[in-house]
Structure formats: structure tokens, C-alpha cells
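The structure appears right after this line, and notes come after that.
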Amino acid sequence: MVSGITVGILKEQHSDHIVLTDASRVSLPDGLVLERFPPSVTILYSLDGAGEMVVKSITRSATSHLRSCREVCKWA
């Protein structure tokens with residue numbers, strides 16, 4: 001089951017997790033290997049037992065969308 005969606009820019013990529021520029025750490029499920037991925041991503045995630053985000057799916061996002069979202073989105 002999907003718990004949420006996040007959009008961000010990939011800062012670091014490790015064998016078991018990725019880090020976005022806002023310091024969000026998203027775990028990769030066992031067996032998922034990212035060989036080459038675009039810098040801006042949309043991630044559907046679930047929460048594990050410890051409340052950490054775990055990737056359910058990951059796709060490319062348009063960087064221009066991220067810029068416009070920063071300008072118009074209000075975050076609680």
C-alpha cells in the first residue's frame with residue numbers, strides 16, 4: 001500500500017537508499033537496483049515499521065515543475 005508521494009531532486013544514491021536535496025532519506029526495497037537515474041524524481045513510498053519511507057515506485061520528474069512548485073506551493 002502506498003503511504004505518500006514526494007517529489008525532489010536526487011542528491012545521493014547508495015546501494016540501499018537515496019537522499020534528496022531536502023535531506024529526505026528514502027530506503028530502497030531489497031532487490032531494487034538503480035543503475036542510472038535522473039536528478040529529479042517522483043517517489044511513491046510506503047512507511048516501514050520504524051516509520052521510514054521505502055520506495056514503491058520511482059519515476060522521472062520535470063525539473064521545471066519543481067521550480068514552479070517552490071514558488072506557488074504552501075507547506076504546512
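Side notes on the structure shown:
- Amide H contacts under 5 Å for Ser40, placed H, 5+ residues apart: Leu10, Ser61
- The modelled label-to-label distance between Ser24 and Thr42, using points 7 Å beyond Cα along the C-beta direction, is 1.3 nm.
- Site pair Glu35 and Ser3 shows an inter-label distance of 3.1 nm when each label is modelled 7 Å from Cα along Cα→Cβ.
Any read-out appearing in this document is the output of simple, stated calculations on the displayed coordinates, not a laboratory observation. Predicted model only: the values in this text are computed from it and were never measured. Here Cβ is always computed from backbone atoms with ideal geometry, including for glycine, and neighbour counts include all displayed protein chains.
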